[in-house]
Amino acid sequence: MLTFYKGTSDQFTDRVEQKLRDMVIAHKVIRIALNDSLPEEVNENKLPLLDDGHQTWSSPAEIEDFLEELHHEVRLGRSLQSDSCHLDPDDPEQCL
């Protein structure tokens, strides 16, 4: 699951939030206030920060590049999946 840490709202962070919602992937957005205690991997000076549990991205260019690549992977994966069932002609109760 992706976690997006942000300080103040701005055009970039709002756009990242919208992209995460549009991709319909597991994510959470954590808004960091001035006196909030921060997780170990989060430095207030590096906000905004995108974390996937293994790697972090902190510059807008890195975040944009990662989200673009993820978007392509998600679209490809969804295009290869099918919700349809092709019935077996020999056994119409079974999907092929």
| query | From the residues in the stretch 25-62 that are touching a residue at least 40 places away in the same chain (Cβ under 8 Å) and under 20 Å from Val74 (Cα atoms), which one is surrounded by the most Cβ atoms within 10 Å (Cβ to Cβ)? | reply | Leu50
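For (1) in a loop (DSSP other than H, G, I, E, B); (2) not aliphatic (A, V, I, L, M), each residue gets a yes or a no:
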| position | (1), (2) |
| --- | --- |
| Ile25 | yes, no |
| Ile30 | no, no |
| Leu50 | no, no |
| Pro92 | no, yes |
| said: Scan the stretch 59-81 and tell me whether some residue there is closer than 17 Å to Gln18 by Cβ, touching a helix residue (DSSP H, G or I) at 6+ places or on another chain (Cβ under 6 Å) and in a loop (DSSP other than H, G, I, E, B). | reply: no
| query | Would it be correct to say that His86 is in contact with a Cys (Cβ under 8 Å, 6 or more places away or on another chain) and loosely packed, with under 10 Cβ neighbours inside 10 Å? | reply | yes
| message | Being under 16 Å from the mean Cα position of the chain (by Cα) and either more than 15 Å from Met1 (Cβ to Cβ) or modelled with pLDDT under 90 (or both) is true for just one of Leu96, Leu80, Leu76. Which residue is that? | response | Leu76
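The values are calculated or read from the model by the stated rules, or taken from the named source; none is laboratory data. On a predicted model such as this, the values are computed, not experimentally measured, just so you know. Cβ atoms come from the backbone with ideal geometry, glycine included; neighbour counts cover every protein chain shown.
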